[in-house]
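Since the structure comes first, as structure tokens, the remarks are kept for the end.
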Amino acid sequence: MDRVEPNRIQPEGSQIPRNAEDESPVLPVPPLEPTRSGEELLSITQEEERISIASNWTLVWWRFRKNKLSMASTVILLFLALVVLFPEFFATFDPEQTDARLAFIPIQSIHWLDEGRLRPWVPGVAGKRDPVTLKMLWVTDESQKIYLRFFAPGFSYKLLGLIETDRHLVGAVDPEQAELVYLLGTDRLGRDQWSRLTFATRISMTIGMISVILSVVLGLVLGGISGYFGGWADMIIQRLIELLQSLPTIPIWLALTAALPRTWSPEKVFFAITIILALRGWTTLAREVRGRFLSLREEDFVLAAELSGASQARIILKHMIPTFTSHIIATSTLAIPVMIVTETSLSFLGLGMRPPAISWGVMLQEAQNIQTLALAPWLLIPGLIVILAVLVFNLVGDGLRDAADPYSN
Amino acid sequence: MSTSVEPVTQSNTAPWSHEPLLKVEDLKAYFFMDEGTVKAVDGVSFDVFPGKVVGIVGESGCGKSVTMKAILQILDPSARIVSGKVTLRSRLNSQDPNSLEELVDLTRLHPNSRKIRKIRGSEIALIPQEPMAAFSPVHTVGNQIMETILLHQDVSKQQARQIAIDVFRSVGISMPEQRIDAYSWELSGGLRQRAIIAMALSCNPRLLIADEPTTAIDVTTQAQILKLLRRLQEERQTSIIFITHDLGVIAQMADEVVVMYLGMVMEKGPVQAIFKNARHPYTQALLRSIPSVQSTPRLKLPTIAGSIAHPFNRPAGCPFHPRCTHFMRGVCDASQPGLIRVAEDHFVSCFLYSPESTQPAIPSTEKSL
Amino acid sequence: MSDGIQPLEKQTHRISHAPLLEVRGLKKYFPIYKGVMRKLVNSVRAVDDVSFFVREGETLGLVGESGCGKTTVSRCILRAFAPTSGEILFREADDRVTDLSPLSRPELRRFRPQMQMIFQDPFGSLNPRMTIFEIISEPLFVNGLRSRAERTDRVADLLKLVGLRPEYMQRYPHAFSGGQRQRIGIARALALHPRLVVADEPVSALDVSVQAQVLNLMLDLQEKLHLTYLFVAHDLSVVKHISDRVCVMYVGKVVEMASTKELFQAPRHPYTAALMMAVPVPDPDQRHIIQDLPGEVASPANPPSGCYFHPRCQFAKDVCRTQTPELREISPDHFVSCHRAEELQLAGIKENKEQQH
């Protein structure tokens, strides 16, 4: 079987059949021009081409997309974002409007069909005072149909403070009946809960996000200084972090918020709360950022940038930080629900946001005693919304973290 | 019941004394991932005879490590043996050299089964690549070796300790009585490597699988370890499957060589045949492209064109064809050549050597006399 | 700031006599602190009085095992950090010689374009968040070349030079194999026309079949661009293949330095001879050649007295235990640091003249 022939070393340009696309040198004489042997000899598929030019964010998005739960949560989050931006549009009443006579109206259930046709309506309510307890008893009057429509006219407001309009998402068809639609009932002061909820969403979610942003800024800067420069700055900042982390959070929060003067306007209180929440929240992120900087300092690509002559600022901003921005965003998203729950709890105790400001916690204050709850259980709905918001943020944050961290699985 | 380490003799009462100790037949192990299926090992066959060293050589992606894991049934959860047989001449009593044997197909055993756990450590032992990672940092090395001994041998704790000390001495660790109570991070690189070898040998396995045992250590320490392995192998007549990418080490250690590429065997045969008379274009090109301390300085090396394909994109037909200078269109990309015998014990997987091939054979690498 | 970008010219491999880089008495000690008050208890003597020189146009191979300090030397030379003591003399194009060791960061800026590094790890040396274009044009941008069009042209030229298609510059590192990434790293190193290229184990992390490609490329580029290489490696075969001269290090000191041919054929230091004897040769007929060296590589934190190699040396005498030998020129251009260098007859490697082509 051996058909060995004497030394058949081929000069260049031999007759051994070659693949036409192959430009690589023939054994054994290698060429001296810039070698082409770095070429991919396999034709690259379109899929591979797409992947090869995909930036990290694109890859993260592709991975995130596969997670159905996270995608669904993102949709809900986007909806909540819309509510944050345009609460007046979603509301049906002016949230401040009080009328003690309209207290504790129950939820008017929406009937979708009217004589077989799709024509949503809510029944009217009629109030009667109970002769014994002198409480107002509300009875739904099915005969009185208040038809609903989208983009109904209602109280006028300025969209984003700029555009004057009076349209709302949902309202009564007949403008005269606009005042009779209580989608989530009223509280003890006769305020429409649905409208208050939309405004509360705005306050509660923005407090959460702003305090997280503050934490991130603080954490990045201090953690970065700590990790990149080391030495004394590192020592001081680390001891500060340890100090802050060893303080019991709940008493500190309670003390700080209780110390806020009662005379402060809601806006001032708002900003004070965000700062108080951020003061404790930056420490965890700072530690992580420091760790990243410490390990990144040893990476070859950072040394390569230094050897090119790049300034330290450029190295930090353009070379180091981009490698973990996706991680920061993921952890921040997971930190927001913590802030939301904290603010809700503080306000619920009367220490955070106070009336006339509206937040979920403030709304839940109304549901503090059993008697009220027995009478008007719908006052707890803000709690459900808190749960929904926290759940949604956590799912999105988890999905982001899994998508951003390729080593998690 | 033996309590000390003694050389293993071949059992003459076994009906299969001329059979290989380990026979791998057409082993296929695939990784099933979201992005697709990776055919990491796709039809690998070779034999390991008692007392012989088989060197498996290949570059990244060739599947040599996955083959080893498949044999020991320690594959990743996402991987599975799809087909093939791995037959071991297993002793009923692993510590008794005169024990009766039975043929066991390792692929049929569940990774967590008692049977495979009995085999691991006492009949087939692994010398892993990274000794630091292989030892637990919170247990002394003696502790870990004794654990293996107590698992497979019917001895008391004191006896196990003595066995561990003896095996430490046999791998050349000085002051074994003290060293046995050291933690792995207290030992230097070379000592750790010896300790790992000691742990592998502690239960007198007939087959050692060494997975790149010298890649992470210095060249002078490597020379010591290779010498040690050679000596131990001769003393105990242990078979070794030596996995590496270093052709120099293969030439020094192996009796037989298996050359793998992208999950398949390209060529296998006695070490002399592979180095002096390589037939497969890949083997030939590989041998020519490595720098050696004996070659002339600053002479350009002949290279293999292109780079190793991504395992997801394995080429159709012969996996090497896109880089092969003897590529035959329509033949090499159409189907896979099986292993073709070109000499006694020397097999090549290349269409150039199939009986129907009309191409002239490529020149052997035999030195002109 | 002028960009100094000149067209490339093909030149033959010529080595001038003037050294481009000279290192004198280089020392780098890393302190070891223990305890709460962080007291200095010991130092790791990574580089312990190292002297050598590299001529312009040649390749000096720096070889040794772990802990010998070769990587630390390479980073010291490029001033990734400051040496503990010693001089790093660099000759610029106008023959001006400057000692780099005491310079501050701003003072070093003008030297950066003249000396660059090729890294060992093809996966850690490229920023995964930047495209190839951004990675290679970073040195250009930082040194004043702001025009995107010009940078694109230059990056395209560099990619072609290292054997990659210019279209690849839109891709991210994750799309490339190890060998290709190394080529990208080489292109980045060459962006500013450096005169000295320090290659820190550039092929150790690559597959065997790819190593030859990258080594060939480096030889090509040296000829074309008249580069000077300081090639750091632990693999003697690779070092022999690419170097004109070789410098052998052991535990922070230079033990021998000579031309490649001379070093391999007739080593004068026992460690060099032992190192060569320990390398497994890819020839099954030569199994008896492997000889091992007793003992372990000494620790740079706690080196032996006298000659650091004496505990493992079969030729050690009393003087070796007590006195540290100096590096001296034992024959023209052949330096050894061994008390007994003149008396010893050490075996070298016979060159295998029959290349297996």
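Which one is farthest from the chain's Cα centre (by Cα), of the residues in the stretch C:304-338 that are small (G, A, S) and open to solvent by less than 60 Å² (accessible area, probe 1.4 Å)? Please lay out each step first, then the result.
Of all residues in the stretch C:304-338, those small (G, A, S) come to C:305-306, C:316, C:331, C:337.
With the extra rule that they be open to solvent by less than 60 Å² (accessible area, probe 1.4 Å), the set shrinks to C:306, C:316, C:331, C:337.
Numbers: C:G306: 27, C:A316: 29, C:S331: 24, C:S337: 20 Å.
The residue in question is C:A316.
Considering each residue of the stretch B:172-203, count those that are over 16 Å from B:H139 (Cα atoms) and in contact with a His (Cβ under 9 Å, 6 or more places away or on another chain), and give that number.
Result for the stretch B:172-203: 2.
Can you find, within the stretch C:132-164, the residue that is nearest to B:G306 (Cα to Cα) among those that are of a type in the set (K, R) and modelled with pLDDT of 90 or more?
For the stretch C:132-164, the residue satisfying everything is C:K160.
Please work out if B:T244 is among the β-branched types (V, I, T), open to solvent by 10 Å² or more (accessible area, probe 1.4 Å) and out of contact with any Lys or Arg (no Cβ under 7 Å at 6 or more places or on another chain).
Answer is no for this residue.
Collect the residues in the stretch C:217-230 that are more than 21 Å from B:P302 (Cβ to Cβ) and either in contact with a Phe, Trp or Tyr (Cβ under 8 Å, 6 or more places away or on another chain) or open to solvent by less than 10 Å² (accessible area, probe 1.4 Å) (or both), keeping them in residue-number order.
Within the stretch C:217-230, C:L227, C:T228, C:Y229, C:L230 qualify.
Being within 7 Å of another protein chain (Cβ to nearest Cβ) and either polar (S, T, N, Q) or farther than 23 Å from C:G69 by Cα (or both) is the filter here; which residues of the stretch C:216-242 pass it?
Scanning the stretch C:216-242 gives C:N216, C:L217, C:L219, C:D220, C:S237.
Would you check which residues across the stretch C:272-288 are buried (at least 18 other Cβ atoms within 10 Å of the Cβ) and more than 9 Å from every other protein chain (Cβ to nearest Cβ) and list them?
Once the filter is applied, which keeps residues that are buried (at least 18 other Cβ atoms within 10 Å of the Cβ) and more than 9 Å from every other protein chain (Cβ to nearest Cβ), the stretch C:272-288 yields C:T272, C:A273.
Would you mind listing the helices (runs of 4 or more DSSP H) fully within the stretch C:172-262 where at least 2 residues are within 17 Å of C:G64 (Cα to Cα)?
C:236-242
Just for the stretch C:138-167: of the residues that are more than 9 Å from chain A (Cβ to nearest Cβ) and in a loop (DSSP other than H, G, I, E, B), which one is least open to solvent (accessible area, probe 1.4 Å)?
C:L145
In the stretch C:78-137, what count of residues is obtained for those that are within 8 Å of chain A (Cβ to nearest Cβ), open to solvent by 60 Å² or more (accessible area, probe 1.4 Å) and of a type in the set (G, A, S)?
Number of matching residues: 0.
Restricting the search to the stretch B:255-268, which residues are open to solvent by less than 20 Å² (accessible area, probe 1.4 Å) and either within 12 Å of chain C (Cβ to nearest Cβ) or part of a loop (DSSP other than H, G, I, E, B) (or both)?
B:V257, B:V259, B:Y261, B:L262, B:G263
Conditions tested, residue by residue: (1) at pLDDT below 90; (2) open to solvent by 10 Å² or more (accessible area, probe 1.4 Å).
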| site | (1), (2) |
| --- | --- |
| B:D181 | no, yes |
| B:L187 | yes, yes |
| B:G190 | yes, no |
| B:A198 | no, no |
| B:D211 | no, yes |
| B:T215 | yes, yes |
| B:Q272 | no, yes |
| B:H280 | no, no |
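Taking the stretch A:345-372, which residues are in a helix (DSSP H, G or I), of a type outside the set (A, V, I, L, M) and open to solvent by less than 10 Å² (accessible area, probe 1.4 Å)? Even if it seems obvious, please write down each step before you answer.
Residues of the stretch A:345-372 in a helix (DSSP H, G or I): A:345-348, A:360-365, A:370-372.
From what is left, the residues that are of a type outside the set (A, V, I, L, M) are A:345, A:347-348, A:360-361, A:365, A:371-372.
Residues satisfying the conditions are A:S347, A:W360, A:G361.
Please find, within the stretch B:47-93, the residue that is surrounded by the most Cβ atoms within 10 Å (Cβ to Cβ) out of those that are among the basic types (K, R) and not in a strand (DSSP E or B).
B:K64
From B:I308, B:I340, grab the single residue that is within 23 Å of the chain's Cα centre (by Cα) and at pLDDT below 85.
B:I308
Filter the stretch C:94-119 for residues that are among the aromatic types (F, W, Y) and over 13 Å from C:H193 (Cα atoms) and give the result.
C:F119
Looking at (1) assigned to a loop (DSSP other than H, G, I, E, B); (2) farther than 24 Å from C:V239 by Cα; (3) within 14 Å of chain A (Cβ to nearest Cβ), which is the one condition that is false for B:P205?
Failed condition: (3).
Please determine whether any residue of the stretch B:234-254 is over 24 Å from C:D207 (Cβ atoms), assigned to a loop (DSSP other than H, G, I, E, B) and among the charged types (D, E, K, R).
No, because not a single residue in the stretch B:234-254 is over 24 Å from C:D207 (Cβ atoms), assigned to a loop (DSSP other than H, G, I, E, B) and among the charged types (D, E, K, R).
A:S226 - would you say it is within 30 Å of A:T323 (Cα to Cα) and either out of contact with any Leu (no Cβ under 6 Å at 6 or more places or on another chain) or in contact (Cβ under 8 Å) with a residue 24 or more places away in the chain (or both)?
Working: within 30 Å of A:T323 (Cα to Cα): yes; either out of contact with any Leu (no Cβ under 6 Å at 6 or more places or on another chain) or in contact (Cβ under 8 Å) with a residue 24 or more places away in the chain (or both): yes.
Judged against the criteria, A:S226 is a match.
Looking for whichever is over 23 Å from the mean Cα position of the chain (by Cα) and touching a residue at least 60 places away in the same chain (Cβ under 8 Å) here; the options are C:L89, C:L145, C:L78. Which one fits?
Matching residue, one of C:L89, C:L145, C:L78: C:L145.
Scan the stretch A:52-109 residue by residue and report those that are assigned to a loop (DSSP other than H, G, I, E, B) and within 14 Å of chain C (Cβ to nearest Cβ).
Of everything in the stretch A:52-109, those that are assigned to a loop (DSSP other than H, G, I, E, B) and within 14 Å of chain C (Cβ to nearest Cβ) turn out to be A:I53, A:A54, A:S55.
The values are calculated or read from the model by the stated rules, or taken from the named source; none is laboratory data. Given the structure is predicted, the values throughout are model-derived calculations rather than measurements. All Cβ positions, glycine included, derive from the backbone under ideal geometry; neighbour counts span all protein chains shown. Ligands, DNA and RNA are excluded from the accessible area calculation, which covers all protein heavy atoms including side chains. Shrake-Rupley method; radii C 1.70, N 1.55, O 1.52, S 1.80 Å.
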